[in-house]
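The next block holds one structure in the form of structure tokens; read it before the comments.
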There are 2 protein chains.
Amino acid sequence: MTYCLALRLDEGLVFLADTRTNAGIDNISTYRKLHVLRPAPDRVFVVESAGNLATTQEVLDRIDRDLATPGEHESLATVGHLFEAALYIGRVSQLVAGNHRSGLSASGADGTATFILGGQIAGSNPDIVLVYPEGNYIRASDDRPFLQIGESKYGKFMLDFMVHDRVDLPTAVKIAVGSMMSTARANLSVGPPYDGAVLRNDGLLELREFRVEADSPTIAQLEALWAKHLHNAIAELPHIAQDEITGIN
Amino acid sequence: MTYCLALRLDEGLVFLADTRTNAGIDNISTYRKLHVLRPAPDRVFVVESAGNLATTQEVLDRIDRDLATPGEHESLATVGHLFEAALYIGRVSQLVAGNHRSGLSASGADGTATFILGGQIAGSNPDIVLVYPEGNYIRASDDRPFLQIGESKYGKFMLDFMVHDRVDLPTAVKIAVGSMMSTARANLSVGPPYDGAVLRNDGLLELREFRVEADSPTIAQLEALWAKHLHNAIAELPHIAQDEITGIN
């Protein structure tokens with residue numbers, strides 16, 4: 001599986017993706033699932049992918065080919081809005097999955113893929129959208145300005161509790177890594193290293209990339225702090241339903 | 001959906017179950033999913049259920065009928081070990097699901113159910129097992145002595161981090177409610193009130209039951225403490241990958 005997330009904050013965008021892939025439990029590998037595209041000077045995109053690895057690779061290859069062969073056809077260099085980029089990726093994704101459907105169905109495999117697309121085209125605000133295998137897309141909600149794809153349940157509590165528009169970017173990166181850590185701890189199919197990217201909302205279109213390695217002291221530190229505060233929260237809480245269960249004390 | 005969990009600690013057992021049921025999103029109701037059975041003076045059982053509501057009700061009705069009509073047949077009063085009780089419930093569950101399979105398959109519905117069974121028969125230690133729709137069962141692991149059924153992913157991080165043999169019972173109840181709260185917050189299909197039960201490992205077979213209501217001050221308190229400590233943990237953590245992303249500060 002996979003876990004990718006994206007946050008849309010007043011200060012900018014934060015992306016984080018794990019790198020573990022598996023075809024069965026005995027074929028585990030490491031692939032980038034966070035891809036940075038700079039198709040023209042006035043735009044920068046981050047594409048995160050979940051689902052069939054062959055499909056996501058072919059989708060990215062086709063995106064690159066469309067960019068490398070200028071002409072009448074649409075590409076990430078020609079679209080005028082982020083939602084048009086989302087629809088374009090949705091169409092390519094549907095095309096690739098459709099091309100391989102009959103081949104894959106023989107073995108019962110699913111060739112679909114889901115994407116998070118984020119970034120900025122000069123003149124518009126930075127934004128993030130989720131592109132479904134069906135080719136349509138949704139934006140992040142205003143109240144909960146984040147998107148997740150893949151194994152999204154284990155790490156959702158942290159985003160639910162912590163992510164709102166006004167979180168600053170360094171804090172948002174820590175929240176994203178915390179959500180990723182909880183997921184990786186609960187589910188072996190999600191694992192480090194983690195690829196991240198940050199886009200400030202300053203119109204400069206300068207995307208900063210980073211990677212958190214498996215042996216990063218940050219991960220160990222986060223685990224320890226996390227356990228400490230979880231214990232403190234539970235310890236501070238008065239006993240529950242004291243009247244009914246005083247007998248257990 | 002549903003979320004039920006059970007913890008097996010040195011001091012005893014803790015059970016917690018939500019009460020929300022839904023048949024489609026416009027048919028939401030409240031049912032007990034935690035059931036206490038005292039089929040004989042030398043034993044007490046807790047049964048938690050997830051899956052098809054009609055199946056779980058018929059399974060419980062058949063368990064009661066077997067107890068009410070003594071004879072040669074097996075029942076929860078006749079089994080000598082908890083694993084035999086698990087196999088008995090598994091057989092009843094398979095029988096009920098099988099009886100309704102053809103009727104349900106016409107509408108594409110799934111009639112299976114999954115159970116957590118816990119409790120004690122005098123002379124043995126208290127224990128918990130998960131009974132699969134296929135009729136077999138597993139015990140909780142020694143390293144992570146808890147079981148979950150239903151929407152188990154959202155609240156797993158808290159059990160992963162906090163549950164070990166030596167947690168005392170009042171603390172274990174708070175951990176269980178915390179795991180439940182994180183799940184209910186992330187998923188509308190899980191909701192209060194929450195039914196709980198505690199069985200001390202003292203051989204007295206006295207099961208204490210409790211209920212946490214939706215308007216319980218404990219829930220509000222836990223949410224507030226939880227948010228505070230989550231913020232503190234993130235605030236204490238040094239900025240991540242400082243070298244790579246100092247530019248975002």
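What the table below lists for this structure:
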{"quantity": "Filter result (surrounded by 15 or more Cβ atoms within 10 Å (Cβ to Cβ) and outside any strand (DSSP E or B)) within the range B:205-220", "calculated": "B:Leu205, B:Ser216, B:Thr218, B:Ile219"}
{"quantity": "The lone exception for A:Gly247 - which of (1) modelled with pLDDT of 80 or more; (2) surrounded by fewer than 20 Cβ atoms within 10 Å (Cβ to Cβ); (3) within 9 Å of chain B (Cβ to nearest Cβ) it fails", "calculated": "(1)"}
{"quantity": "Any hit, the range B:100-122, residues being closer than 22 Å to B:Val198 by Cα and in a loop (DSSP other than H, G, I, E, B)", "calculated": "yes"}
{"quantity": "Scan of the range B:184-201 for residues that are under 13 Å from B:Thr19 (Cβ atoms) and not aromatic (Phe, Trp, Tyr), ordered by number", "calculated": "B:Ala184, B:Ser189, B:Val190, B:Gly191, B:Pro192, B:Pro193, B:Asp195, B:Gly196"}
{"quantity": "Enumeration of residues in the range B:45-69 that are part of a loop (DSSP other than H, G, I, E, B) and closer than 22 Å to B:Arg208 by Cα", "calculated": "none"}
{"quantity": "Hits in the range B:168-198 (condition: in a loop (DSSP other than H, G, I, E, B) and either among the small types (Gly, Ala, Ser) or surrounded by fewer than 24 Cβ atoms within 10 Å (Cβ to Cβ) (or both))", "calculated": "B:Asp168, B:Asn187, B:Leu188, B:Ser189, B:Gly191, B:Pro192, B:Pro193"}
{"quantity": "Odd one out for A:Ile138 among (1) closer than 22 Å to A:Arg20 by Cα; (2) touching a Leu at 6+ places or on another chain (Cβ under 7 Å); (3) not in a loop (DSSP other than H, G, I, E, B)", "calculated": "(1)"}
{"quantity": "Unmet requirement for A:Phe115, which otherwise passes all of (1) facing chain B (nearest Cβ under 9 Å); (2) among the aromatic types (Phe, Trp, Tyr); (3) under 17 Å from the mean Cα position of the chain (by Cα)", "calculated": "(1)"}
{"quantity": "Flag for A:Ser105 being surrounded by fewer than 17 Cβ atoms within 10 Å (Cβ to Cβ) and more than 14 Å from chain B (Cβ to nearest Cβ)", "calculated": "yes"}
{"quantity": "Residue within the range B:159-168 that is within 14 Å of the chain's Cα centre (by Cα) and at the interface with chain A (Cβ under 7 Å from one of its Cβ atoms) present", "calculated": "no"}
{"quantity": "Residue check, B:Arg38 out of contact with any Gly (no Cβ under 7 Å at 6 or more places or on another chain), outside any strand (DSSP E or B) and of a type in the set (Lys, Arg)", "calculated": "no"}
{"quantity": "Unique match (being closer than 29 Å to A:Val190 by Cβ and in a loop (DSSP other than H, G, I, E, B)) among B:Asp160, B:Asp165", "calculated": "B:Asp165"}
{"quantity": "Selection status of A:Pro145, without any contact (Cβ under 8 Å) to a residue 12 or more places away in the chain and buried (at least 19 other Cβ atoms within 10 Å of the Cβ)", "calculated": "no"}
{"quantity": "Given (1) over 20 Å from the mean Cα position of the chain (by Cα); (2) not in a loop (DSSP other than H, G, I, E, B); (3) not aromatic (Phe, Trp, Tyr), number of the condition A:Val79 does not satisfy", "calculated": "(2)"}
{"quantity": "Of all residues in the range B:124-142 being touching a residue at least 60 places away in the same chain (Cβ under 8 Å) and out of contact with any helix residue (DSSP H, G or I) (no Cβ under 6 Å at 6 or more places or on another chain), the one that is farthest from the other protein chains (Cβ to nearest Cβ)", "calculated": "B:Pro133"}
{"quantity": "Condition broken by A:Glu72, with the remaining ones in (1) in a loop (DSSP other than H, G, I, E, B); (2) touching a residue at least 24 places away in the same chain (Cβ under 8 Å) satisfied", "calculated": "(2)"}
{"quantity": "Qualifying positions in the range B:125-141 - more than 14 Å from the chain's Cα centre (by Cα), closer than 16 Å to B:Leu9 by Cβ and either among the β-branched types (Val, Ile, Thr) or surrounded by fewer than 17 Cβ atoms within 10 Å (Cβ to Cβ) (or both)", "calculated": "B:Asn125, B:Ser141"}
{"quantity": "Looking only at the range B:200-241, and only at residues there that are within 16 Å of the chain's Cα centre (by Cα) and at the interface with another protein chain (Cβ under 9 Å from one of its Cβ atoms), the one that is nearest to B:Tyr154 (Cα to Cα)", "calculated": "B:Val212"}
{"quantity": "Criterion (out of contact with any strand residue (DSSP E or B) (no Cβ under 7 Å at 6 or more places or on another chain) and at pLDDT 95 or above) met by exactly one of A:Asp26, A:Asp10", "calculated": "A:Asp10"}
{"quantity": "Matching residues, the range B:149-158, being of a type outside the set (Gly, Ala, Ser) and within 11 Å of chain A (Cβ to nearest Cβ)", "calculated": "B:Glu151, B:Lys153, B:Tyr154, B:Lys156, B:Phe157, B:Met158"}
{"quantity": "Selection count, the range B:1-12, where residues are closer than 14 Å to B:Thr171 by Cβ and surrounded by 24 or more Cβ atoms within 10 Å (Cβ to Cβ)", "calculated": "1"}
{"quantity": "Residue within the range B:185-194 that is within 7 Å of chain A (Cβ to nearest Cβ) and at pLDDT below 90 present", "calculated": "yes"}
{"quantity": "Selection count, the range B:169-184, where residues are more than 7 Å from chain A (Cβ to nearest Cβ) and more than 16 Å from the chain's Cα centre (by Cα)", "calculated": "0"}
{"quantity": "Residues of the range B:21-60 satisfying the condition of being surrounded by fewer than 23 Cβ atoms within 10 Å (Cβ to Cβ) and charged (D, E, K, R)", "calculated": "B:Asp26, B:Arg32, B:Arg38, B:Asp42, B:Arg43, B:Glu58"}
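The values are calculated or read from the model by the stated rules, or taken from the named source; none is laboratory data. Only a predicted model underlies this, so the values are computations on that prediction, with no experimental measurement involved. Because the Cβ atoms are built from the backbone with ideal geometry, glycine has one as well, and the counts that use them run over all protein chains shown.
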